[in-house]
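Here's the structure we're looking at; comments come further down.
Since every read-out is calculated from the coordinates, none of them should be taken as a lab result. Computed from a prediction, not measured in an experiment: that's the story for all the values here. Every residue, glycine among them, receives a Cβ derived from its backbone with ideal geometry; neighbour counts consider all protein chains shown.
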Amino acid sequence: MKFTHEEIMIMLEDDYHGGVNGPDCKEKCENLIYCFTHQMDDILEVIRKDQTDYTLPEEMDLDCILHNLRLCLRNIQLREQNEIVAKIVAESPRGLIIMSGLPAAGKTTFAHNFVRARAAEGRSAFRIGRDDIRNLLCLGSAPRKKCIGTREQEDIVTELEEAMIRAVFASGAHWVVEDSTNLYQISIERLVELAADLSVVPTVITLDTPVGECVARDALREDSVGEDVIRKMATARESSAR
């Protein structure tokens, strides 16, 4: 993906005059983040040619600009997620929420927010994910290091996860949020079938956070999976969707 100078000029003008808002604000924010991350030379060229009212300080703090744009994107995502949650909770008293997205897309943040919100309402909700089970089994090569096990080990993770979900609902819990990546349909179908067996409503929530943003967030983590892993997973996801 590469934006033309004209497209960059329009994006900068929109941001300068009204900020990142409107019905397509999420796309605007994602595109600006991409430009500031990958096409900085083009941005400076547009500004040098006086094609836009947008100005940058002489000592431009690019990190600050990107931080503000990423904060804006996260707020947009949270607003969208809150709308989804309100609809889910209104339609069913119990359910299994199946998250799907790249590492650092915001799945676990969503899960924690959901669990806290339900607790405030007096309803029980739990977060369950494969990474936590892998850590319990010490599959990582170092403390808090995320790691995929062998096929046999992953089968054990699957069995334990399903047993945990069954136990939680058997205890009378209202909600479970499964916050693994679930990038492939086979993973989602397994959890949907489990929900049907437990007579609870399954809901799949896909977080389409841009790859570059996932990479940036992951780099700040103690248990980072690394840029190469994220980009390979993104490529594999795109291939499987075709």
### Query
With labels modelled as points extended 7 Å from the Cα through the Cβ direction, what inter-label distance (nm, one decimal) is found for residue 91 paired with residue 151?
3.7 nm
### Query
Do you know the relative contact order of the stretch 92-241, to the nearest whole percent, from alpha carbon pairs under 8 angstrom that are 6+ apart?
41 percent
### Query
For the stretch 125-130, in order, what is each residue's ³J(HN,Hα) by Karplus, 6.51 cos²θ - 1.76 cosθ + 1.60 with θ = phi - 60°, in whole Hz (x at glycine and Pro)?
9, 9, 9, 9, x, 5
### Task
Using per-residue counts of other Cβ atoms within 10 Å, averaged over each peptide, order 111-118, 185-192 from highest down.
111-118, 185-192
### Message
Taking amide H atoms as placed 1.01 Å from N in the peptide plane, list the residues 5 or more away in sequence, or in a different chain, whose amide H sits under 5 Å from that of residue 127.
### Response
177
## Note on the structure
For residue 201, other-chain or 5+-apart residues with amide H closer than 5 Å (H placed, Pro excluded) are 94, 95, 96
### Query
Using the count of nearby Cβ atoms within 10 Å as a rough guide to exposure, how do 221, 237 rank from fewest to most?
221, 237
### Task
Starting at the first residue of the stretch 187-203, write each ³J(HN,Hα) from the Karplus equation 6.51 cos²θ - 1.76 cosθ + 1.60 with θ = phi - 60°, in whole Hz, x for Gly and Pro.
5, 5, 4, 4, 6, 5, 5, 5, 4, 5, 5, 8, 6, 10, 7, x, 9
#### Entry: Nitroxide proxy distance, nm - points 7 Å out along Cα→Cβ at residue 206 and residue 124
3.3 nm
### Query
If you rank 179, 131, 228 by fewest surrounding Cβ atoms within 10 Å, what's the result?
228, 131, 179
## Note on the structure
Mean shadow area (nm²) of the C-alpha convex hull around the stretch 85-185 is 7.1 nm²
